[in-house]
Amino acid sequence: MILEGIVTTFNDQREVNVAAMGPIIGEGMQTLLLRPYQSTATYQNLKVHPQGVFHIVDNVELLVRAALNLLESAPDVFPAERIAGAVLGGCCRWYEFEVRELDDRQERTEIQVEIVHTGKRHDFLGFNRAKHAVIEYAILASRLFMLTEEEVLPQYQQFQTILEKTGGPQEFRAFELVTRYVIQQWPQFQQTLDSLS
């Protein structure tokens with residue numbers, strides 16, 4: 001099972017990197033398989049400092065900002081308990097981990113980690129349909145380099161319909177963040193959206 005969340009890691013100056021990631025969950029949530037690309041800060045940080053924290057969050061706007069590298073400032077964090085790491089203050093649950101195996105023979109590295117400590121801030125009640133739609137939209141936007149506008153537009157329209165039926169203010173803000181990101185990458189997308197109005 002893949003679980004979407006946020007990973008924090010330290011670089012060698014102990015600066016925190018915040019990245020959205022969907023690791024493969026091991027039996028009993030005792031292990032995670034992270035699969036970052038070698039160009040990412042997460043990969044580079046785990047090579048020099050093989051510890052980090054995986055977070056389950058219910059803030060879809062934070063997930064979007066982390067996924068699309070739109071964080072304007074580092075979110076509120078506090079020190080991890082069992083490792084040298086940073087825990088997001090607004091998370092639901094966190095999982096401190098240590099790297100057990102790192103295979104970087106391919107561009108998309110496979111990093112097997114073991115959970116060494118867990119903590120809970122508040123209950124995770126799940127995502128409504130609008131939050132799911134925004135997360136899928138953000139994942140789509142992170143892959144624009146290998147997609148065409150003809151592939152993206154029908155999904156955008158589907159996500160927008162779900163948002164309008166089930167979304168609240170946080171989901172609308174997050175959806176707008178993703179749309180602005182898409183338009184920055186593809187300026188012509190604004191004309192396409194205007195033609196639909």
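To keep it simple, each residue is scored yes or no on (1) open to solvent by less than 90 Å² (accessible area, probe 1.4 Å); (2) farther than 20 Å from CYS91 by Cα; (3) more than 17 Å from the chain's Cα centre (by Cα).
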{"residue": "LEU125", "(1), (2), (3)": "no, no, yes"}
{"residue": "VAL134", "(1), (2), (3)": "yes, no, no"}
{"residue": "TYR137", "(1), (2), (3)": "yes, yes, no"}
{"residue": "THR148", "(1), (2), (3)": "yes, yes, yes"}
{"residue": "GLN158", "(1), (2), (3)": "no, yes, yes"}
Q. Could you count how many residues in the stretch 105-117 are in contact (Cβ under 8 Å) with a residue 24 or more places away in the chain and either loosely packed, with under 14 Cβ neighbours inside 10 Å or not β-branched (Val, Ile, Thr) (or both)?
A. 6
Q: Could you tell me whether LEU70 is open to solvent by 20 Å² or more (accessible area, probe 1.4 Å) and modelled with pLDDT under 95?
A: yes
Q | Subset of the stretch 40-61 that is touching a strand residue (DSSP E or B) at 6+ places or on another chain (Cβ under 8 Å) and open to solvent by less than 10 Å² (accessible area, probe 1.4 Å) - its residue that is nearest to PRO23 (Cα to Cα) | A | PHE54
Q | Count - residues of the stretch 160-197 that are open to solvent by 60 Å² or more (accessible area, probe 1.4 Å), part of a loop (DSSP other than H, G, I, E, B) and either closer than 19 Å to SER142 by Cβ or not polar (S, T, N, Q) (or both) | A | 1
Q: Mind listing just one residue for me: the one in the stretch 36-75 that is of a type in the set (Phe, Trp, Tyr) and out of contact with any helix residue (DSSP H, G or I) (no Cβ under 7 Å at 6 or more places or on another chain) and, of those, farthest from VAL113 (Cα to Cα)?
A: TYR43
Q | Single match in GLY26, GLY5 (criterion: buried (at least 21 other Cβ atoms within 10 Å of the Cβ) and over 13 Å from GLU110 (Cα atoms)) | A | GLY5
Q. Is it true that some residue in the stretch 108-115 is modelled with pLDDT under 95, under 30 Å from HIS49 (Cα atoms) and either touching a helix residue (DSSP H, G or I) at 6+ places or on another chain (Cβ under 6 Å) or of a type in the set (Ser, Thr, Tyr) (or both)?
A. yes
Q: With the checklist (1) free of Cβ contacts under 8 Å to residues at least 60 places away in the same chain; (2) under 28 Å from ALA141 (Cβ atoms); (3) surrounded by fewer than 22 Cβ atoms within 10 Å (Cβ to Cβ); (4) out of contact with any helix residue (DSSP H, G or I) (no Cβ under 7 Å at 6 or more places or on another chain) in hand, flag the one item PHE78 doesn't pass.
A: (2)
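The values are calculated or read from the model by the stated rules, or taken from the named source; none is laboratory data. Predicted model, so just to flag it, every value in this text is computed and none were measured. No Cβ is skipped: glycine too gets one built from the backbone with ideal geometry, and neighbour counts run over all protein chains shown. Note: accessible area is taken over every heavy atom of the protein model, side chains too, but ligands, DNA and RNA are not part of it. Shrake-Rupley method; radii C 1.70, N 1.55, O 1.52, S 1.80 Å.
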